[in-house]
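**Q** Shown below is the structure under consideration.
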Amino acid sequence: MQRIRIRYAKRGPLRFTSHRDFARAFERAVRRAGVPIAFSQGFTPHPKISYASAAPTGVASEAEYLEIGLQATADPVAVRASLDAALSPGLDVVEAVEARPGTSLADRIDASAWRIELPGVKPDTLGQAVAAFTAAGEVLVERLTKQGRRTFDTRGAVAAISVISESAAPSEVTGIPCAILDLVVRQVTPSVRPDDVLAGLRVVADLEPPVPPRATRLAQGTLTAQGAIVDPLEADRDETPIGER
Amino acid sequence: MSVPSVFPQLEQLLPRISKPIQYVGGELGAVVKDWDSATVRWALMYPDAYEVGLPNQGVQILYEVLNELPDVLAERTYAVWPDLERLMREHGVPQFTVDAHRPVGAFDLLGVSFATELGYTNLLTALDLAGIPLEARDRTTDHPVVVAGGHAAFNPEPIADFVDAAVLGDGEEAVLEITGIVRAWKAEGSPGGRDELLLRLARTESVYVPRFYDVDYLPDGRIQRVVPNRADVPFRVHKRTTMNLDEWPYPKRPLVPLAETVHERYAVEIFRGCTRGCRFCQAGMITRPVRERSITTVGQMVKEGLEFSGFSEVGLLSLSSADHSEIGDICSGLADQYQGTNVSLSLPSTRVDAFNITLAQELSRNGRRTGLTFAPEGGSERIRKVINKMVSEEDLIRTVVTAYSNGWRQVKLYFMCGLPTETDEDVLQIARLAHEVIRAGRAATGSKDIRCTVSIGGFVPKPHTPFQWASMCSPEVIDDRLRKLKAEINSDRSLGRAIGFRYHDGEPSLIEGLLSRGDRRVGAVIRRVWEEGGRFDGWSEHFSYQRWVDAAAAVLPGFGVDLDWYTTRERDETEVLPWDHLDSGLDKDWLWQDWQDSLSEYEQDDCRWTPCFDCGVCPAMDTEIQIGPTGRKLLPLTPVTSAR
């Protein structure tokens, strides 16, 4: 069975698509595009689609990943184009590569890079909040999870946090000045999401954005000792054989 | 003058509400057109939540028919949930369309499709959020013309104050005609303002404009007469009937939502209309005559609809799908074509006979077996004669046992409670029927692993049916009968264990009854309920019976009537009914005769297979029964190994 790994993006208004919504839309896109998807065995066969960790509803992403199994061999370039055409604009299939034997997608993802726009927040204010967050050994926040209300640390999972320099630029959305936060967060349990880090900034520095911030996942992959994130599809690409990395 | 999108403001609210995706649009099949190059602009509303409204066939069809015109723009809007409504009020965001997020108040027309009367309060929310005055008489040329459609529009009197117009019957041609009138009026520079436009619509004789009719009342509260208040509008307004469904193969580009909705399937209407003559069924009365879509058009629509949408389920819809003259060939043809593709086919099955099971088996060849539902509607033979549901107890048991013998473990039986002339005995008969079904099923299969679910709906008398004169049962009587029925089902523990029992209590039905047969005075009740917070009345978690009872008690005595007067009171032959000036084609004398036949338990045949019984529709509407067989088959057929 040929396996194809796909990077897709959730952009603009369609960032409000939940993971379940996306999964249904993707299955329909597979049918519309005529991709020769393989099915599981059994009385109610399911298409072979597996997802890496999905961004929360309302968070945009440039780097979501999934893997599909095919019953007939197909050209990944053509599969990408046909799936992208079959999905609504805003759910965009960015790249598709044939999976090589070896590690799974999940094994290659242990961290995410996020960018958060905070319209109406001054970069200096954000900078002070970030400094307080960084200085803290532990920043506890509360969230309602499936298991009920849970308190957990957000500081430990944050590998990098900074206010980026062009911060003073007005947000394209609201037109008001906007501070921008860059984050690298390790995958832990319970997961630490962008809004948990924002909750952490509220805890340490009373940071209260006047309008809802806008988060985007920029990358997922393996976090190196130097703080870079390695693209999980890199090892599958033809032009960069695994041995040479 | 261009109209800006409200999305930037809305977007700020979306992270704070549940299921934001339903307000975002971006569906496959959605159309966004340039505002300025359109001459006529429609906002189409289904007055319920997006998850219910999006799959609605009527809205999808009109949306597509209108958007196919180059100079016409149609967008959709749905009822917003209270969490978003609160934030929209707080932040001044108006009712918007999901396509381009334009404010509904900026459109020329707001068309609202009422499948049920319980959407009336949601209409008021939408008007209010849109900045459109609630009362039609307060609107100016700056406001959209609000047009009601759908089955509830056959008696729009309770919302007569809130709508500018109502259209009865099929919408495909009606929206085109209205569009033409608005286009011409705008091109002439909108002469005579809103009044002139409404007058032009009224003169078509198929658009009802309530403000041009006065209702006079008798001292006892009954209607004396409904008459035009100006010389140039017709005394009666007639329903529209779309003939030859093969010429209207919509939806061609079905809307495919990102959000989860109640139906995720490509639905094709295989025919419209029904002449089975069930006396409680408004749909069957007001959609006559039967007009079939041919097997070849159905096949073509399914093929193209699936290719376009990527849906994996097909629903073959109609009021009684097994009655299509070529249903056998449609089912086996589609089953052949989609064998081994994971496409599942479903036929809402309500007819009680073995043929239905043959069809269901054919459709489940792919391995996916959908549930079987049979609707005997009445528990005793006597009550089934009253409602004209011609099913004998023997037929019913044989049919259900056949289903069990063919591998179905579970069937659903649908009944009504509160029917005219009904006694406790008629309802208790449901339990005996269910017991017999399980007993016979166990005997036939030798297995204890079979079940049936008894599902009970409350009867609501509807306009343009033989039961339009009938009295409703009070909720107390209904609830008492349902309690007794439950006890009777469980009186045999072995059998009772295999029977599921689902029902709705009588209170929502009574309010639906008030709204169904109400007149213009009921509008004040609707408004008061809405002002007191009434929203989403079709949802049990939002519906408040007390709120309706209180509003009725506050408003109706001023008119010398009350809630009981509208619901539990039987009407006599000479009473002027609020909808008598609205012509569904049914001859009122025939309806009265059918009501009398019902009381004497006399049944009426189906005119597709027996001579015309003069219900009046075909001559009044200049229509005819359009049925096959065409003798054609679905091609190309996938080769099957066993030759037939």
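The values are calculated or read from the model by the stated rules, or taken from the named source; none is laboratory data. Everything numeric in this text was worked out from a predicted model, so none of it was measured. No Cβ is skipped: glycine too gets one built from the backbone with ideal geometry, and neighbour counts run over all protein chains shown. Protein only, heavy atoms only, side chains kept; ligands, DNA and RNA dropped before computing areas. Shrake-Rupley method; radii C 1.70, N 1.55, O 1.52, S 1.80 Å.
**Q** Compute for chains B and A the buried accessible surface, both sides summed, probe 1.4 Å, and express it in Å² to the nearest 100.
**A** Counting protein atoms only, the buried area is about 2100 Å².
**Q** Are there any residues in the range B:243-265 with a reduction of at least 40 Å² in accessible surface when going from the isolated chain to the assembly of protein chains? Probe 1.4 Å, please list them by number.
**A** Residues meeting the cut-off: B:L258, B:E260.
**Q** Skipping prolines and chain starts, which residues have an amide H placed within reach, meaning under 5 Å, of the one on B:R288, given they are 5 or more residues away or on another chain?
**A** Sorted by chain and number, the residues that satisfy this are B:C274.
**Q** Please list, in chain and number order, the residues 5+ apart from A:A160 or on another chain whose amide H is under 5 Å from its amide H, with Hs placed from the backbone.
**A** A:V184
**Q** Which percent of the accessible heavy-atom area of the range B:498-644 goes to carbon and sulfur, probe 1.4 angstrom?
**A** Taking all protein chains in place, the range B:498-644 shows 49 percent carbon and sulfur surface.
**Q** Here's a follow-up. Note down the nm distance, to one decimal, between modelled labels 7 Å out along Cα→Cβ at A:Q2 and at A:A38.
**A** 1.2 nm
**Q** Going by average Cβ neighbours within 10 Å, how do the peptides B:461-470, B:8-17, B:570-579, B:142-151 rank, with the highest at the top?
**A** The most tightly packed comes first, giving B:461-470, B:142-151, B:8-17, B:570-579.
**Q** With each label point set 7 Å from Cα along the Cα-Cβ vector, what nm distance links B:D214 and B:E541?
**A** With each label point 7 Å from Cα toward Cβ, the separation is 4.9 nm.
**Q** Hey, another quick one. Heavy-atom accessible area per residue, chain A, 1.4 Å probe: how many Å²?
**A** It amounts to 47 Å² per residue over chain A.
**Q** I've got another one for you. With θ taken as phi - 60° and the coefficients 6.51, -1.76 and 1.60, list the Karplus ³J(HN,Hα) couplings across the range B:209-222 in order, rounded to whole Hz; mark glycine and proline as x.
**A** Here the 3J(HN,Hα) series is 10, x, 5, 8, 10, 9, 10, 9, 10, 7, x, 7, x, 6 Hz.
**Q** Calculate the FRET efficiency for B:R183 and A:K48 from the Cβ-Cβ distance with a Förster distance of 45 Å, rounded to the nearest 0.05.
**A** FRET efficiency, B:R183 to A:K48: 0.30.
**Q** Roughly what percent of Cα-Cα pairs across the range B:7-238 reach past 23 Å?
**A** So the pairs more than 23 Å apart make up 47 percent of the total in the range B:7-238.
**Q** Projected area of the range B:183-339, taken from the Cα convex hull and averaged over every viewing direction, in nm²?
**A** 14.8 nm²
**Q** Would you kindly calculate the mean projected area, averaged across all directions, of the convex hull enclosing the Cα atoms of the protein assembly as shown, in square nanometres?
**A** 41.3 nm²
**Q** Once you've got the Cα coordinates, tell me which of A:K10/A:K48; B:K19/B:K462; B:K385/B:K484; B:K19/B:K252 are over 25 Å apart.
**A** B:K19/B:K462; B:K19/B:K252
**Q** Taking 51 Å as R0, compute the FRET efficiency from the Cβ-Cβ separation of B:E205 and B:S392 and round it to 0.05.
**A** E(calc), rounded to 0.05, equals 0.70.
**Q** Which whole-number value in Å³ per residue fits the convex hull of the alpha carbons of the range A:108-229?
**A** 111 Å³
**Q** Would you mind telling me the share, in percent, of accessible area of the range B:236-283 contributed by carbon and sulfur at probe 1.4 angstrom?
**A** 47 percent
**Q** Once label points are set 7 Å from the Cα along Cα→Cβ at both B:E573 and A:V77, what is their separation, rounded to one decimal in nm?
**A** Rounded to a tenth, the inter-label distance reads 8.3 nm.
**Q** Helix-derived [θ] at 222 nm for chain B: sum -39500 (n - 2.57) over DSSP H runs of at least 4, divide by residue count, nearest 500?
**A** That comes out to -10500 deg cm²/dmol.
**Q** On to the next question. Return one whole number: the accessible area per residue of the range B:7-238 in Å², for a 1.4 Å probe.
**A** 32 Å²
**Q** Next up: Hey, if you put +1 on the Cβ of every Lys and Arg and -1 on every Asp and Glu Cβ in chain B, which of B:S405, B:H464, B:M243 ends up farthest toward the positive end of that dipole?
**A** Ranked along the dipole, the leading option is B:S405.
**Q** Related question: So what does the Cα-only Debye profile of the range A:2-99 read at q = 0.10, 0.13, 0.16, 0.25 Å⁻¹, as log10 I(q)/I(0), no solvent term?
**A** -0.24, -0.40, -0.61, -1.43
**Q** Next question. Provide the descending list of Cα extents for the range B:162-256 along its principal axes, expressed in whole angstroms.
**A** On the principal axes, the range B:162-256 reaches 54, 36, 25 Å in Cα extent.
**Q** Please give me the summed charge of the neighbours of B:V454: other residues whose Cβ is under 9 Å from its Cβ, Lys and Arg +1, Asp and Glu -1.
**A** +2
**Q** Summing -39500 (n - 2.57) over the DSSP H runs of n ≥ 4 in chain A and dividing by its residue number, what mean residue ellipticity at 222 nm do you reach, to the nearest 500 deg cm²/dmol?
**A** After summing the helix terms and dividing by residue count, I get -6500 deg cm²/dmol.
**Q** If you average the sequence gap of Cα pairs under 8 Å that are 6 or more apart and divide by the length of the range B:7-238, what percent do you get for the contact order?
**A** In percent, rounded to a whole number, it is 16.
**Q** Moving on to the next point. How charged is the neighbourhood of B:D353? Take every other residue with its Cβ under 9 Å from the Cβ of B:D353, and add Lys/Arg as +1 and Asp/Glu as -1.
**A** Around B:D353, the surrounding residues sum to +1.
**Q** Over all directions, the average projected area of the alpha-carbon convex hull for chain B comes to how many nm²?
**A** With every direction weighted equally, the projected area is 29.0 nm².
**Q** Here is a further query. At 27 angstrom or more along the helix axis (alpha-carbon based) and mean Kyte-Doolittle of -0.5 or higher, what helices does chain B contain? Whole DSSP H runs only.
**A** B:424-445
**Q** Shifting gears a bit: Once you keep just the Cα pairs under 8 angstrom separated by 6 or more residues, what percentage relative contact order results for chain B?
**A** 14 percent
**Q** With a Förster radius of 25 Å, plug the Cβ-Cβ distance of B:R230 and B:K588 into 1/(1 + (r/R0)^6) and report the FRET value to the nearest 0.05.
**A** The formula returns an efficiency of 0.50 here.
**Q** Expected output is a single nm value to one decimal: the length gained when fully extending between B:E476 and B:R432, i.e. 0.36 nm times separation in residues minus the C-alpha distance. What is it?
**A** 13.5 nm
**Q** Next question. Report the relative contact order of the range A:2-99, percent, no decimals, based on alpha-carbon pairs under 8 angstrom and at least 6 residues apart.
**A** Over the range A:2-99, the number comes to 49 percent.
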